[in-house]
Structures are given as C-alpha cells and as structure tokens.
C-alpha cells in the first residue's frame, strides 16, 4: 500500500520536476516567467499534435517505438520553445512588463491546449502511451527495489537527469556563474562582457522546453494518452515549488516528490471531501511559510535572484 | 592610427523616449488593436477555412451588439472586470505586483456567502446586503493585507506570496462548500437571499452603476488626493519617497487595504449581483485578466474603463465567432492571447525609439576602404 503510494508519487512528481527545473533556469536569468503554466499547456498540445501527425503518417498498425516517442517529444519542445520565445521577445527584446507578459502567455497557452487538444484525432494514442510508459524489464512480481527505482517510463528518468545536470551547470560551471550574474545584477554582468540578452534568451528557451516536457508527460505517460486540459494548475504548483526549493534544481527532485505525495495523498487515505481540500491546501501554505522564512532570515543563498521580474535596459540608471 | 579597425555601427539601436505626445501614443495603441483584430481574422481563416475571414468581423460585432441581452452582458462583464482592475491599479502604480486579485475577490465572495448562510431570512434583505458588503470587504482586506505586511516589514516577494494566496483561497472556498453542502456534490446551489434587485426589469444594472461611481472616485483619488500622489511617488522611486518623508511601509499597507476593499466589492457584485452562488472558479481568471486590462489602461481609471470594454468586446465577440464557424470555445482564448501579445508589445514603441544606422554616402565608403 505505502509502496504503491510512494511509487505513484515518484511517477507523478515528474510533471512538477520538469516545470520547476524549467522555471528555476528561467528565474535565474532574472525572468519571472508566469507563463510557465501556459507553456506546459503548449508543450502538451505539441505532444498531442506530434502524436496525431505521426499516427496519420504511418497508420495505427505501423506505430513503432522510436517514432512514437521522438516525434511527440520533438513537437513538444518546438511548441513550448515557441511559448518561451514569445515571452522572451516581449520581455527581453521589447522590455515589456514580465508579470503582464507571463499572464498573457498563460491565457494563450491554456486556450492553445484546449483548442488543439479538442480537435486532435486521438486514435493510436494509447499505443503511443505504452511506449512512453515502457519501463525496465522487471517482470510481474517486482520486489520493492524494482518497484521504486525501475518501474517508470523514460520521461521520469529524463526529468531527474535534467534536474541534476541543471544543478551542476548552475553551481559548478562558468556558464552557470554567468547566468546567475545576469539574474542578480544584469548591469554588472553587462559591464563584465556577458551578453545579457543572449543569456536571458537561452535560459528562458531551454527552461520553457524543459517545462513543456512536463505537459507532455502528463498527457502521454500519466493519463495514458487521453487528453485533458487542466494542466495549468500543475504549472502554478511548479512555480510554487521553485520558491519551496529556494531556486535549487537538485532539491527540486525531493520537493516535487513531496508535492506530489501531498497531491495524491487523498486518494490513498480515507478522508472526507472537506479534509481532502485541506490536504490540497498544504503545498501552497508550506510554500508561503518557506517564502516568509527565507525573507525574514534573509540568508544570501536562499534569496530570489535580485533582479527577478525586472527588464534590463543598458541606458537606464 | 588610421588603420584602427572599428566595429561597424549596428543596423539600428534602441533609444529610450523621454516623452511621447499623448496623441501619438494612442495612435500606436489603436494600431496595435486593429492589427490584433486583423490577425485574429487571419487565424480564424487559417483554422476554419478562407470564408471565416469575413465571418470573423460580422461575428465579432453580432456577438456583442446582436441582441439587447448581449449588450447588457457586455456592460455587465465590463463592470466586473473593471472593478477588479480598479482594485489592482493602485498597487501596481506603486510597483507592488499584486497578482492575487483572483483570491482576494474569491474571499470577498466567500464573505458574502457566509452572511447569507447564517443571516439569510433572519434579517431584512437590504440590511443583509449591507452586512454582506461589510463582510466581503473584511475577508478581502485580510487576504490582501497579509502579503503587504510581510512586504513592508521583511520585503517578502509579493508576486509569489499573492500568487500562493490565490490557491489557498480557492481551497478554502472548496472546503467551505463541502462543509455547507453535506451531500458532497461540491456545488453550492443558488442563494435564496441577499440577491440584488432588478432595476427597470433588467438585472446587473446596480453592478454597472456601482462600478461607474467607483471609477470616478478612483480617478479623483489618483488625481487629486495626497494618497494618490504618495503612491505614485513610491512607484516612481522608493528612495525619492523616503527622502521627501513619505512613510513607504504605511503607503504599501494602506494601498493594499484599498485594493482589498475594491476586491471585496467585486466579490459582492459577483456573488450578490451576478451569479447568486459561489464556486472555487467563480472568478474565472478575471483576477489575472484585470491585471492585463489595468496595465493596458496605464492605471488611469477612464482608460481602464475603455480597455476592459475592449477586452470584453473581443472575448465575447470571439466566442460568438467560434460558435458561428464551429471551432470550439477555446478559440476566443487564443484570440485574446494574441490581442494581449500585440497590445503589450506595442508599448515598446511608445517607450523606446528605434534609430537606424544613417546611410553613408558612396565617397565616404571608398575613403574608408582606402584608409583600411
């Protein structure tokens, strides 16, 4: 019972992990991208479009593992990257207000998913989903180790690997140092010869693509190929998770498991409807507490990037 | 010395504009709106076949002005959106990024329902509406002032704080509904008491009048009151505000109380004057849309009245177009998204000027080549 709960929590945490790692990268460049929920929707829509294009091209009988997984992933990256590009053109090039641009992108993304998701032909989606959920060969009666560590589809492992890579890049490499400099004080970074615009674009585009995979995971892996539109709420939880993990992708692995445990808990314990809503409230309350504590303690390491939410214009003083 | 290789001057550079004539700014904005509508028509033509291009325009206007009912809906939706936009405007003017209007309005609505549940039928309906007003404002102010206090005292990031408060409010509403409705359906039926009366046979008239009055009051507040002046100084530069002796913390908290009052009013108008019920999605994203609308109107109440009317016009019209050409309701969200992108993007051309590299004359070029 507990094993099953833990296993499904780890599986479900993938959507939060993709979202929060993507948003962390973006925020490290000083872009507070509130369009992440919309971008996750766009990623999911991309996956749906890719999958239905593939099925249309090869027919339901011709579905093969590589095409069935790679094409939706490619389309997902393409569309979520497009979302990030819109955001970046508005905020980094045109220097518009980040909050406003992000909210507009979320509106757009939600509409985009429900429009294209509603029109897509979903024949063959369950077959494609089987390729996404294909795990290591663990047999019918796996022991606890195999259940906890080997029973997931490819995207779960990809998410964890991406999170670890992102943590290393941010902490240990020159690129990460430059990126953090851009987020903390773009004027200083600019004076040091770092291209602020390039870093903002790169971080936001890569971050958006990573977040978009979260939407793809939800549709293709978790739901088994059926189309649902309510991805934006996971996007907002991913934004919360970024604060909860104080902008650290490696902590996000555990944080996202915790969030998904809280999200799934009502399904595993017998509670009344009202108690269920209280449990669902916990992730947000915990995030608020973390936000307040980090601001009161005001330790340097756990602060938001100093220029988060501000556009940078070189000639401004 | 002459063969020092200099970088070529870039093709264009961006210069900040000091100020732009008001008329020119509005020409740019109106051009953006017109382009947005054209792009909308183009998108619908791509998605639904060529004939949809013309149908888009007629559908847009038919959806908004087709019947008296639709016109009333236009003004009703505008009123609610404008009320929330008026609520977020003072805080945004102060550069306090309150994106928690969604939750604040919802808490206002919850305050109303609490009154109706425990006082409904026991006291006179008019008195009830008055108590509802007090309660909704109280609930909403609590929700808006908590992040403000933390921001003022410890500089807690208000964007993220208010965002989280939205979801706590939604869960709180869902929780209360389950507590009130024992069947577990999670749907609160129509409220029997505390509904606004119809005026002249039409609903929503009271909403529209209240919001119109509030628009004028907020205009006066921004333009002529000391508070309004103080909050715009804090928004321009916090250091300047401190230097001239404005108590920044006090201004932050006071302004968020004002925000809360208006959000509470919006909650009252939604529950008591519009839907007569409450659900966790009653506000339906309007807390976020209002931010966009307020920002597009440059936080000036009359301009915001115009922008919210414009938004509702496009939203309602695009929904009608979508039904007309049979491409689903979500179409309107795409169109409004495009509308926002273009109108947000056009601000760049108001704030900045693009200067192209001056064209060099041929002789000059040849001289340079010789020198190199």
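How big is the C-alpha Rg of chain B next to the rule-of-thumb value 2.2 N^0.38 Å, as a ratio? Present the calculation step by step, with values, prior to reporting the outcome.
Working: Rg = 25.0 Å, N = 372, 2.2 N^0.38 = 20.9 Å.
For chain B, the normalised Cα radius of gyration comes out at 1.20.
Using the C-alpha atoms of segment B:144-284, what convex hull volume per residue, in cubic angstrom, is computed?
Details: hull volume 18.4 nm³, N = 141.
That works out to 131 Å³ per residue.
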**Asked** Averaged over peptide B:165-177, how many Cβ atoms belonging to another chain are found within 10 Å of each residue's Cβ?
**Response** 5
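Given R₀ = 22 Å, what would the calculated FRET efficiency be for residue A:89 paired with residue A:187, taking r from the Cβ atoms and rounding to 0.05? The partial results should precede the final answer.
Working: r = 22 Å, r/R0 = 0.99.
Approximately 0.50, to the nearest 0.05.
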**Request:** With only alpha-carbon atoms counted, please give the Rg and Dmax of chain A, in Å.
**Result:** 19.7, 65
**Fill in**
Partner shielding of A:307-316, taken as the mean number of other chain Cβ atoms within 10 Å, equals 2
**Request:** Would you mind listing how long the protein assembly as shown runs along its three principal axes, going by Cα atoms, in whole Å with the largest first?
**Result:** 89, 77, 62
**Request:** Between residue B:57 and residue A:197, take the C-beta separation as r, use R0 = 41 Å, and let me know the FRET efficiency to the nearest 0.05.
**Result:** 0.60
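By counting other Cβ atoms within 10 Å of each Cβ, how are B:137, B:142 ranked from fewest to most?
Details: B:137 21, B:142 14.
Exposure proxy ranking, most exposed first: B:142, B:137.
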**Message:** Can you give me the C-alpha center-to-center distance between segment A:274-317 and segment A:136-204, rounded to a whole angstrom?
**Reply:** 20 Å
**Asked** Taking the alpha-carbon centroid of each part, what is the distance from segment A:54-91 to segment A:18-34 in angstrom?
**Response** 22 Å
**Prompt:** How well do other chains shield peptide A:85-95, expressed as the mean number of their Cβ atoms within 10 Å of each residue Cβ?
**Reply:** 3
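Report the FRET efficiency, 1/(1 + (r/R0)^6), for residue B:237 and residue A:297, where r is their Cβ-Cβ distance and R0 is 35 Å, rounded to 0.05. Numbers along the way, then the final one.
Values: r = 28 Å, r/R0 = 0.80.
For residue B:237 and residue A:297, the calculated efficiency is 0.80.
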**Item:** Computed log₁₀ I(q)/I(0) - Debye formula, equal Cα scatterers, no solvent, segment B:36-141, q 0.10 Å⁻¹
**Value:** -0.54
**Item:** Angle in degrees between helix A:273-297 and the longest Cα principal axis of chain A, rounded to the nearest 10
**Value:** 30 degrees
**Centroid-to-centroid separation of segment B:155-221 and segment A:205-266 [C-alpha atoms, Å]** = 29 Å
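By the gyration tensor of its Cα atoms, with a ≥ b ≥ c the square roots of the eigenvalues, what is the shape of segment A:1-136: rounded for a/c under 1.5, prolate for a/b over b/c, or oblate?
oblate
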**Request:** Can you pull the one-decimal nm distance between simple spin-label points at residue A:60 and residue B:65, each 7 Å off the Cα toward Cβ?
**Result:** 5.0 nm
**Fill in**
Computed over chain A: longest principal axis from alpha-carbon atoms vs helix A:249-268 long axis, angle to nearest 10 degrees, is 40 degrees
**Complete:** Cα-based Debye curve of segment B:91-131 sampled at q = 0.16, 0.22, 0.26, 0.32 Å⁻¹ gives log₁₀ I(q)/I(0) of -0.54, -0.70, -0.82, -1.01
**Separation in nanometres of the label points that stand 7 Å from Cα toward Cβ, at residue A:173 and residue B:223** = 5.6 nm
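Rule-based calculations on the coordinates, nothing more; no lab input. Being a predicted model, the structure only gives us computed values, none of them experimental. All Cβ positions, even for glycine, are placed from backbone atoms using ideal geometry, and neighbour counts span all protein chains on display.
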